[in-house]
1. Taking region 48-72 as the region of interest, how many residues are of a type in the set (S, T, N, Q) and either touching a His at 6+ places or on another chain (Cβ under 8 Å) or farther than 17 Å from A110 by Cβ (or both)?
2. Residue pairs, Cβ under 7 Å, 6 or more apart or interchain, first in region 47-62 and within 16 Å of Q37 (Cα to Cα), second among the aromatic types (F, W, Y). List them.
3. Being surrounded by 14 or more Cβ atoms within 10 Å (Cβ to Cβ) and closer than 18 Å to A69 by Cα is the filter here; which residues of region 1-14 pass it?
4. Does S107 satisfy the criteria of being outside any loop (DSSP other than H, G, I, E, B), out of contact with any strand residue (DSSP E or B) (no Cβ under 6 Å at 6 or more places or on another chain) and either surrounded by 15 or more Cβ atoms within 10 Å (Cβ to Cβ) or among the polar types (S, T, N, Q) (or both)?
5. Consider E85 against the criteria (1) in a strand (DSSP E or B); (2) touching a Phe, Trp or Tyr at 6+ places or on another chain (Cβ under 9 Å); (3) under 17 Å from I13 (Cα atoms); (4) not β-branched (V, I, T): it satisfies all of them except one. Which criterion is unmet?
6. Suppose we keep only residues that are among the charged types (D, E, K, R) and surrounded by fewer than 19 Cβ atoms within 10 Å (Cβ to Cβ) within region 28-56. Which one would you say is modelled with the lowest pLDDT?
7. Pairs under 7 Å by beta carbon, first residue open to solvent by less than 80 Å² (accessible area, probe 1.4 Å) in region 71-89, partner of a type in the set (F, W, Y), six or more apart or different chains?
8. Taking I5, is it hydrophobic (A, V, I, L, M, F, W, C) and closer than 26 Å to W146 by Cα?
Amino acid sequence: MDFHIGPATSEDIDALVALLFALFSIEQDFVPDEVAQRRGLALLLAYPLQGRIFVARHTQQGVVGMVSAQLVSSTAIGERSAWIEDMVVHEDFRGQGIGKALLAHVSEWAKENRVGRLQLLADADNESALGFYDQLGWQPTRLFAWKKIVL
């Protein structure tokens, strides 16, 4: 597989929106919304001290995967923690090690930036994603995610 991992740029937003459309189309808690996704991506790119977006670039196809990490302060571990907000690989490129490479890259970024823990949410019905994270050594928690829309 001929790809490399690196930081996303504003020129990648169209490709990232397409990846998020695919992701949010299979997650029960989200609905694809191009305007919202563009706004969220622009915020992440504008404030790199709050988080990062990394992309997998195929030499011919361009952006084929992405992972975003957003920093928070954890009182549980007394260190910074990062939420993996978005993790998706284009369906034509799954099973080729891209997702594993994206998570390895974001893990290295976390270590270099003294982030003590990575955490993520996965749709409870997305068996392939759950198996993928399990295979890579991610551990499920006993916590449930809750949300409240305030805007």
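1. Of all residues in region 48-72, those of a type in the set (S, T, N, Q) come to 50, 59-61, 68, 70.
After this cut, where a residue has to be either touching a His at 6+ places or on another chain (Cβ under 8 Å) or farther than 17 Å from A110 by Cβ (or both) as well, the list is 59-61.
Matching residues across region 48-72 total 3.
2. Close Cβ pairs (under 7 Å, with a partner that is among the aromatic types (F, W, Y)) amount to R52/W109.
3. I5, A8, D12, I13 - these are the residues of region 1-14 that are surrounded by 14 or more Cβ atoms within 10 Å (Cβ to Cβ) and closer than 18 Å to A69 by Cα.
4. Values: outside any loop (DSSP other than H, G, I, E, B): yes; out of contact with any strand residue (DSSP E or B) (no Cβ under 6 Å at 6 or more places or on another chain): yes; either surrounded by 15 or more Cβ atoms within 10 Å (Cβ to Cβ) or among the polar types (S, T, N, Q) (or both): yes.
Judged against the criteria, S107 is a match.
5. The failed condition is (2).
6. Quick first cut of region 28-56, residues among the charged types (D, E, K, R) only: 29, 33-34, 38-39, 52.
Filter once more, keeping what is surrounded by fewer than 19 Cβ atoms within 10 Å (Cβ to Cβ): 29, 33-34, 38-39.
Values: D29: 89, D33: 96, E34: 97, R38: 98, R39: 97.
Taking the candidates together, the pick is D29.
7. If the second residue must be of a type in the set (F, W, Y), the pairs left are V72/W83.
8. Working: hydrophobic (A, V, I, L, M, F, W, C): yes; closer than 26 Å to W146 by Cα: no.
In short, no.
The values are calculated or read from the model by the stated rules, or taken from the named source; none is laboratory data. On a predicted model such as this, the values are computed, not experimentally measured, just so you know. Note that we place each Cβ from the backbone using ideal geometry, even for glycine, and neighbour counts take in every protein chain shown. Side chains included, ligands, DNA and RNA excluded: accessible areas come from the protein's heavy atoms. Shrake-Rupley method; radii C 1.70, N 1.55, O 1.52, S 1.80 Å.
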